[in-house]
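Asker: Got a structure here, written out as C-alpha coordinates. Questions coming.
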Amino acid sequence: MKNKTNIVETITEIGLFAALGFVLDELQGIIAKGIFVNGGSIGFAMITVVIISFRRGIIPGFLTGIIIGLFDMATGSFIIHPAQPLLDYILPYALVSISALFAQNYRKNTNKNLWIIIAVTVGGLFKLLSHYLSGVLFWGNSNNFAWNLSYLSAPVYSLIYNFAFIGPSIVISIIILILINKSSQKILNPEIKFYENVDDETASKQNLIWPIAITTLGTASFVYFLIRYIKSFEMLTNPDSSIEYAFNSDCMVMFLTGLSLTIIGVCYLLFALKKKAKIKSVCYSLIIVDICSLIYSLSRLIRVYQKSLQNYIYWIWFSSCIILLVFLVFIILKNKQKKN
(Lines give C-alpha, C1' and ligand atoms only; values in the text may rest on other atoms or scores of the structure.)
Protein backbone atom coordinates (compact mmCIF):
# COMPACT_ATOMS: atom_id res chain seq x y z
CA MET A 1 0.00 0.00 0.00
CA LYS A 2 2.94 2.31 0.75
CA ASN A 3 4.25 1.90 -2.80
CA LYS A 4 0.84 2.85 -4.20
CA THR A 5 0.79 5.92 -1.96
CA ASN A 6 4.24 6.93 -3.19
CA ILE A 7 3.11 6.56 -6.80
CA VAL A 8 0.11 8.83 -6.21
CA GLU A 9 2.30 11.37 -4.42
CA THR A 10 4.89 11.29 -7.22
CA ILE A 11 2.27 11.75 -9.96
CA THR A 12 0.73 14.61 -7.98
CA GLU A 13 4.08 16.34 -7.55
CA ILE A 14 4.91 15.92 -11.25
CA GLY A 15 1.70 17.78 -12.10
CA LEU A 16 2.26 20.47 -9.46
CA PHE A 17 5.85 21.22 -10.46
CA ALA A 18 5.08 21.00 -14.19
CA ALA A 19 2.30 23.57 -13.77
CA LEU A 20 4.55 25.80 -11.64
CA GLY A 21 7.42 25.46 -14.11
CA PHE A 22 5.15 26.40 -17.00
CA VAL A 23 3.93 29.51 -15.16
CA LEU A 24 7.49 30.59 -14.34
CA ASP A 25 8.57 29.98 -17.93
CA GLU A 26 5.72 32.14 -19.19
CA LEU A 27 6.59 34.92 -16.76
CA GLN A 28 10.29 34.93 -17.61
CA GLY A 29 9.36 34.98 -21.29
CA ILE A 30 7.34 38.15 -20.75
CA ILE A 31 10.13 39.80 -18.74
CA ALA A 32 12.84 39.00 -21.31
CA LYS A 33 10.68 39.83 -24.32
CA GLY A 34 12.59 41.79 -26.93
CA ILE A 35 16.04 40.94 -25.58
CA PHE A 36 16.37 37.49 -27.11
CA VAL A 37 14.71 37.95 -30.47
CA ASN A 38 15.43 34.38 -31.59
CA GLY A 39 13.88 32.81 -28.50
CA GLY A 40 15.02 32.14 -24.96
CA SER A 41 14.69 34.02 -21.69
CA ILE A 42 16.46 34.55 -18.38
CA GLY A 43 14.67 33.08 -15.39
CA PHE A 44 14.52 30.29 -12.85
CA ALA A 45 11.83 27.91 -14.16
CA MET A 46 14.37 25.10 -14.15
CA ILE A 47 14.34 25.01 -10.33
CA THR A 48 11.01 23.14 -10.47
CA VAL A 49 12.68 20.30 -12.41
CA VAL A 50 15.68 20.29 -10.05
CA ILE A 51 13.46 20.10 -6.94
CA ILE A 52 11.34 17.19 -8.16
CA SER A 53 14.45 15.43 -9.50
CA PHE A 54 16.05 15.68 -6.06
CA ARG A 55 12.84 14.55 -4.37
CA ARG A 56 11.67 11.77 -6.69
CA GLY A 57 14.46 10.87 -9.08
CA ILE A 58 15.49 11.35 -12.68
CA ILE A 59 12.42 9.80 -14.36
CA PRO A 60 9.80 12.01 -12.58
CA GLY A 61 12.08 14.99 -13.23
CA PHE A 62 12.38 14.05 -16.89
CA LEU A 63 8.59 13.72 -17.23
CA THR A 64 8.08 17.08 -15.52
CA GLY A 65 10.49 18.73 -17.95
CA ILE A 66 8.74 17.17 -20.94
CA ILE A 67 5.35 18.46 -19.75
CA ILE A 68 6.75 21.98 -19.31
CA GLY A 69 8.29 21.78 -22.79
CA LEU A 70 5.08 20.57 -24.41
CA PHE A 71 3.03 23.38 -22.86
CA ASP A 72 5.74 25.85 -23.82
CA MET A 73 5.55 24.61 -27.40
CA ALA A 74 1.76 24.76 -27.37
CA THR A 75 1.55 28.38 -26.23
CA GLY A 76 3.95 29.74 -28.83
CA SER A 77 6.53 27.99 -30.96
CA PHE A 78 8.61 28.47 -34.10
CA ILE A 79 8.92 25.27 -36.07
CA ILE A 80 11.15 25.10 -39.14
CA HIS A 81 11.79 21.34 -39.16
CA PRO A 82 9.83 18.35 -37.76
CA ALA A 83 12.79 17.33 -35.56
CA GLN A 84 13.60 20.84 -34.31
CA PRO A 85 10.88 20.99 -31.55
CA LEU A 86 12.59 18.06 -29.84
CA LEU A 87 15.73 20.10 -29.19
CA ASP A 88 14.09 23.50 -28.71
CA TYR A 89 11.04 22.63 -26.61
CA ILE A 90 10.64 19.02 -25.49
CA LEU A 91 14.14 18.09 -24.26
CA PRO A 92 15.70 21.25 -22.71
CA TYR A 93 13.84 21.22 -19.40
CA ALA A 94 13.71 17.42 -19.37
CA LEU A 95 17.50 17.24 -19.52
CA VAL A 96 17.74 19.34 -16.35
CA SER A 97 16.62 16.16 -14.56
CA ILE A 98 20.25 15.00 -14.86
CA SER A 99 20.61 16.95 -11.60
CA ALA A 100 19.04 13.94 -9.86
CA LEU A 101 22.39 12.16 -10.11
CA PHE A 102 23.69 14.43 -7.35
CA ALA A 103 20.74 14.06 -4.96
CA GLN A 104 22.40 11.34 -2.89
CA ASN A 105 25.56 13.42 -2.51
CA TYR A 106 23.39 16.31 -1.37
CA ARG A 107 21.75 14.21 1.34
CA LYS A 108 24.93 12.52 2.60
CA ASN A 109 27.23 15.53 2.78
CA THR A 110 27.16 18.49 5.12
CA ASN A 111 28.20 20.93 2.38
CA LYS A 112 24.81 20.81 0.68
CA ASN A 113 25.19 24.13 -1.12
CA LEU A 114 28.15 22.74 -3.07
CA TRP A 115 26.04 19.90 -4.45
CA ILE A 116 23.21 22.28 -5.29
CA ILE A 117 25.68 24.34 -7.33
CA ILE A 118 27.01 21.24 -9.10
CA ALA A 119 23.55 19.78 -9.77
CA VAL A 120 22.04 22.99 -11.18
CA THR A 121 25.15 23.73 -13.25
CA VAL A 122 25.24 20.27 -14.82
CA GLY A 123 21.47 20.26 -15.45
CA GLY A 124 21.65 23.76 -16.93
CA LEU A 125 24.57 22.79 -19.19
CA PHE A 126 22.57 19.86 -20.57
CA LYS A 127 19.75 22.30 -21.29
CA LEU A 128 22.31 24.52 -23.02
CA LEU A 129 23.52 21.55 -25.08
CA SER A 130 20.01 20.91 -26.41
CA HIS A 131 19.51 24.54 -27.46
CA TYR A 132 23.06 24.71 -28.86
CA LEU A 133 22.55 21.67 -31.10
CA SER A 134 19.27 23.13 -32.34
CA GLY A 135 21.03 26.40 -33.17
CA VAL A 136 23.76 24.64 -35.12
CA LEU A 137 21.50 22.18 -36.94
CA PHE A 138 18.41 24.27 -37.66
CA TRP A 139 19.16 27.96 -37.05
CA GLY A 140 22.46 28.33 -38.90
CA ASN A 141 21.34 31.02 -41.34
CA SER A 142 23.56 34.01 -40.52
CA ASN A 143 20.98 36.43 -41.95
CA ASN A 144 18.81 35.75 -38.90
CA PHE A 145 21.53 36.13 -36.27
CA ALA A 146 20.71 38.58 -33.46
CA TRP A 147 22.80 41.45 -32.09
CA ASN A 148 24.59 42.07 -35.44
CA LEU A 149 26.60 38.86 -35.09
CA SER A 150 26.09 37.67 -38.65
CA TYR A 151 29.84 37.52 -39.20
CA LEU A 152 30.16 34.58 -36.79
CA SER A 153 29.92 30.91 -37.73
CA ALA A 154 26.80 29.02 -36.69
CA PRO A 155 28.52 26.96 -33.90
CA VAL A 156 30.11 30.04 -32.30
CA TYR A 157 26.97 32.16 -32.58
CA SER A 158 24.77 29.39 -31.16
CA LEU A 159 27.07 29.03 -28.15
CA ILE A 160 27.17 32.79 -27.45
CA TYR A 161 23.44 33.36 -27.95
CA ASN A 162 22.21 30.40 -25.90
CA PHE A 163 24.72 30.88 -23.10
CA ALA A 164 23.62 34.53 -22.85
CA PHE A 165 20.30 33.47 -21.31
CA ILE A 166 21.06 30.00 -19.90
CA GLY A 167 24.20 31.14 -18.05
CA PRO A 168 22.39 33.81 -15.98
CA SER A 169 19.47 31.39 -15.50
CA ILE A 170 21.84 28.86 -13.92
CA VAL A 171 23.23 31.49 -11.54
CA ILE A 172 19.77 32.77 -10.55
CA SER A 173 18.49 29.20 -10.03
CA ILE A 174 21.48 28.34 -7.83
CA ILE A 175 20.92 31.41 -5.65
CA ILE A 176 17.19 30.66 -5.23
CA LEU A 177 17.76 26.97 -4.42
CA ILE A 178 20.44 27.84 -1.88
CA LEU A 179 17.98 30.24 -0.21
CA ILE A 180 15.30 27.53 -0.29
CA ASN A 181 17.73 25.03 1.19
CA LYS A 182 18.68 27.50 3.93
CA SER A 183 15.01 28.01 4.74
CA SER A 184 14.12 24.30 4.82
CA GLN A 185 16.26 21.40 3.66
CA LYS A 186 13.16 19.19 3.60
CA ILE A 187 11.93 20.79 0.36
CA LEU A 188 14.67 19.01 -1.58
CA ASN A 189 13.84 15.73 0.17
CA PRO A 190 10.78 13.50 -0.29
CA GLU A 191 9.82 13.58 3.40
CA ILE A 192 7.84 16.81 3.07
CA LYS A 193 4.26 16.54 1.78
CA PHE A 194 2.89 19.31 -0.43
CA TYR A 195 -0.72 18.36 0.30
CA GLU A 196 -2.66 16.93 3.19
CA ASN A 197 -2.99 13.14 3.09
CA VAL A 198 -6.31 12.29 4.73
CA ASP A 199 -7.82 8.82 4.85
CA ASP A 200 -10.96 9.22 2.73
CA GLU A 201 -13.90 6.92 2.41
CA THR A 202 -13.10 4.15 -0.05
CA ALA A 203 -15.17 3.67 -3.15
CA SER A 204 -17.25 0.50 -3.33
CA LYS A 205 -17.44 -1.83 -6.32
CA GLN A 206 -21.00 -0.67 -6.95
CA ASN A 207 -19.93 2.99 -7.19
CA LEU A 208 -17.87 2.89 -10.41
CA ILE A 209 -19.71 5.55 -12.37
CA TRP A 210 -17.12 8.28 -11.72
CA PRO A 211 -13.97 6.34 -12.69
CA ILE A 212 -15.72 4.96 -15.77
CA ALA A 213 -16.95 8.45 -16.74
CA ILE A 214 -13.48 9.97 -16.30
CA THR A 215 -11.83 7.18 -18.31
CA THR A 216 -14.42 7.40 -21.11
CA LEU A 217 -14.23 11.18 -21.35
CA GLY A 218 -10.43 11.14 -21.28
CA THR A 219 -10.09 8.42 -23.92
CA ALA A 220 -12.60 10.07 -26.24
CA SER A 221 -10.86 13.45 -25.90
CA PHE A 222 -7.44 11.92 -26.39
CA VAL A 223 -8.35 10.06 -29.59
CA TYR A 224 -10.43 12.87 -31.12
CA PHE A 225 -7.99 15.71 -30.50
CA LEU A 226 -4.94 13.60 -31.32
CA ILE A 227 -6.41 12.94 -34.78
CA ARG A 228 -7.20 16.64 -35.20
CA TYR A 229 -3.68 17.56 -34.05
CA ILE A 230 -2.03 15.18 -36.54
CA LYS A 231 -4.18 16.52 -39.36
CA SER A 232 -3.36 20.12 -38.40
CA PHE A 233 0.41 19.56 -38.61
CA GLU A 234 1.29 20.79 -42.07
CA MET A 235 3.96 22.63 -43.97
CA LEU A 236 3.23 26.26 -44.74
CA THR A 237 3.55 27.49 -48.29
CA ASN A 238 4.02 31.15 -47.44
CA PRO A 239 7.58 32.04 -48.55
CA ASP A 240 7.57 35.18 -46.38
CA SER A 241 7.00 33.20 -43.19
CA SER A 242 9.93 32.04 -41.07
CA ILE A 243 7.76 29.22 -39.76
CA GLU A 244 7.72 26.37 -42.26
CA TYR A 245 5.55 24.04 -40.15
CA ALA A 246 2.40 24.77 -38.19
CA PHE A 247 0.03 22.84 -35.95
CA ASN A 248 -3.07 23.43 -33.83
CA SER A 249 -1.73 24.01 -30.31
CA ASP A 250 -5.24 23.89 -28.82
CA CYS A 251 -5.68 20.33 -30.09
CA MET A 252 -2.29 19.43 -28.67
CA VAL A 253 -3.25 20.64 -25.18
CA MET A 254 -6.62 18.91 -25.41
CA PHE A 255 -5.22 15.51 -26.38
CA LEU A 256 -2.61 15.77 -23.60
CA THR A 257 -5.43 16.66 -21.18
CA GLY A 258 -7.44 13.69 -22.45
CA LEU A 259 -4.45 11.40 -21.94
CA SER A 260 -4.06 12.68 -18.36
CA LEU A 261 -7.74 12.08 -17.64
CA THR A 262 -7.48 8.57 -19.07
CA ILE A 263 -4.54 7.73 -16.80
CA ILE A 264 -6.34 9.15 -13.74
CA GLY A 265 -9.57 7.33 -14.65
CA VAL A 266 -7.86 3.96 -15.14
CA CYS A 267 -5.94 4.27 -11.85
CA TYR A 268 -9.14 5.34 -10.07
CA LEU A 269 -11.03 2.39 -11.56
CA LEU A 270 -8.38 -0.16 -10.53
CA PHE A 271 -8.25 1.21 -6.98
CA ALA A 272 -12.07 1.33 -6.80
CA LEU A 273 -12.31 -2.35 -7.77
CA LYS A 274 -9.90 -3.15 -4.94
CA LYS A 275 -11.82 -0.85 -2.57
CA LYS A 276 -8.73 1.30 -2.10
CA ALA A 277 -9.71 4.36 -4.13
CA LYS A 278 -9.43 7.66 -2.27
CA ILE A 279 -11.75 10.39 -3.45
CA LYS A 280 -9.44 13.13 -2.24
CA SER A 281 -6.45 11.74 -4.16
CA VAL A 282 -8.52 11.66 -7.35
CA CYS A 283 -9.71 15.23 -6.77
CA TYR A 284 -6.14 16.43 -6.29
CA SER A 285 -5.09 14.76 -9.55
CA LEU A 286 -8.01 16.30 -11.42
CA ILE A 287 -7.24 19.72 -9.90
CA ILE A 288 -3.69 19.52 -11.28
CA VAL A 289 -4.94 18.74 -14.80
CA ASP A 290 -7.55 21.48 -14.50
CA ILE A 291 -4.99 24.07 -13.36
CA CYS A 292 -2.72 23.23 -16.32
CA SER A 293 -5.65 23.66 -18.70
CA LEU A 294 -6.69 26.85 -16.89
CA ILE A 295 -3.22 28.36 -17.25
CA TYR A 296 -3.12 27.54 -20.95
CA SER A 297 -6.55 29.06 -21.62
CA LEU A 298 -5.52 32.20 -19.73
CA SER A 299 -2.32 32.53 -21.75
CA ARG A 300 -4.33 32.13 -24.97
CA LEU A 301 -6.79 34.81 -23.82
CA ILE A 302 -3.91 37.23 -23.27
CA ARG A 303 -2.48 36.48 -26.72
CA VAL A 304 -5.76 36.83 -28.62
CA TYR A 305 -6.48 40.15 -26.92
CA GLN A 306 -3.05 41.39 -27.94
CA LYS A 307 -3.80 40.44 -31.55
CA SER A 308 -7.48 41.52 -31.42
CA LEU A 309 -8.71 38.06 -32.40
CA GLN A 310 -11.93 36.27 -31.52
CA ASN A 311 -11.74 35.05 -27.94
CA TYR A 312 -15.13 33.61 -26.93
CA ILE A 313 -13.86 30.01 -27.23
CA TYR A 314 -11.09 30.70 -24.72
CA TRP A 315 -13.49 32.50 -22.40
CA ILE A 316 -15.69 29.38 -22.39
CA TRP A 317 -12.59 27.22 -21.84
CA PHE A 318 -11.35 29.45 -19.01
CA SER A 319 -14.77 29.66 -17.33
CA SER A 320 -15.24 25.88 -17.53
CA CYS A 321 -11.89 25.34 -15.81
CA ILE A 322 -12.84 27.78 -13.04
CA ILE A 323 -16.18 26.03 -12.48
CA LEU A 324 -14.52 22.60 -12.38
CA LEU A 325 -11.87 23.87 -9.96
CA VAL A 326 -14.52 25.24 -7.58
CA PHE A 327 -16.48 21.96 -7.83
CA LEU A 328 -13.43 19.82 -6.99
CA VAL A 329 -12.45 22.03 -4.06
CA PHE A 330 -16.05 21.80 -2.81
CA ILE A 331 -15.89 17.98 -2.90
CA ILE A 332 -12.61 17.99 -0.96
CA LEU A 333 -13.98 20.35 1.71
CA LYS A 334 -17.24 18.44 1.98
CA ASN A 335 -15.38 15.15 2.36
CA LYS A 336 -13.17 16.73 5.04
CA GLN A 337 -16.25 17.87 7.00
CA LYS A 338 -17.59 14.30 6.94
CA LYS A 339 -14.34 13.01 8.40
CA ASN A 340 -14.50 15.58 11.19
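The values are calculated or read from the model by the stated rules, or taken from the named source; none is laboratory data. The shown structure was predicted, so the numbers you read here are calculated from the model rather than taken from an experiment. With ideal geometry, Cβ positions are generated from the backbone for all residues, glycine too; neighbour counts draw on all protein chains shown. Surface areas here come from the heavy atoms of the whole protein model, side chains and all, with no ligands, DNA or RNA. Shrake-Rupley method; radii C 1.70, N 1.55, O 1.52, S 1.80 Å.
Asker: Counting only protein heavy atoms and using a 1.4 Å probe, what share of the accessible area of the range 261-303 belongs to carbon plus sulfur, as a whole percent?
Answerer: Values: 1320 of 1740 Å².
Taking all protein chains in place, the range 261-303 shows 76 percent carbon and sulfur surface.
Asker: Round to the nearest 0.05 the FRET efficiency obtained for L114 and A154 when R0 = 41 Å and r is the Cβ-Cβ distance.
Answerer: Values: r = 36 Å, r/R0 = 0.87.
FRET efficiency, L114 to A154: 0.70.
Asker: For the pair L270 and N105, how long in nm is the line joining their label points, each one 7 Å along Cα→Cβ?
Answerer: 3.6
Asker: A follow-up question, please. If you build the convex hull over the alpha carbons only and average its shadow over all orientations, what do you get for the range 250-290? Give it in nm² to one decimal.
Answerer: Values: hull surface 10.4 nm².
With every direction weighted equally, the projected area is 2.6 nm².
Asker: Going from most exposed to least, what order do H131, H81 have by accessible area with a 1.4 Å probe? Write out the running numbers ahead of the final one.
Answerer: Numbers: H131 25, H81 80 Å².
In descending accessible area the options line up as H81, H131.
Asker: Moving on. Give me the extension gain from I7 to A220: residue separation times 0.36 nm, minus the current Cα-Cα distance, reported in nm with one decimal. It would help to have the intermediate numbers written out before the result.
Answerer: Values: separation 213, 0.36 × 213 = 76.68 nm, distance 2.52 nm.
Length difference between fully extended and current span is 74.2 nm.
Asker: What length, rounded to one decimal in nm, is gained on full extension from K182 through to S319, with 0.36 nm per residue of separation minus their alpha-carbon distance?
Answerer: Details: separation 137, 0.36 × 137 = 49.32 nm, distance 3.97 nm.
Roughly 45.4 nm would be gained on extension.
Asker: Take the solvent-accessible surface of the protein heavy atoms, probe 1.4 Å, and return the percent of it on the range 86-172 that carbon and sulfur atoms account for. Intermediate values should be presented prior to the final figure.
Answerer: Values: 2770 of 4120 Å².
Carbon and sulfur atoms account for 67 percent of the accessible area of the range 86-172.
Asker: Calculate, in nm to one decimal, what L129 and S232 gain on full extension: separation in residues at 0.36 nm each, minus their alpha carbon distance. Before the final figure, lay out each step's value.
Answerer: Details: separation 103, 0.36 × 103 = 37.08 nm, distance 3.00 nm.
In short, 34.1 nm is gained.
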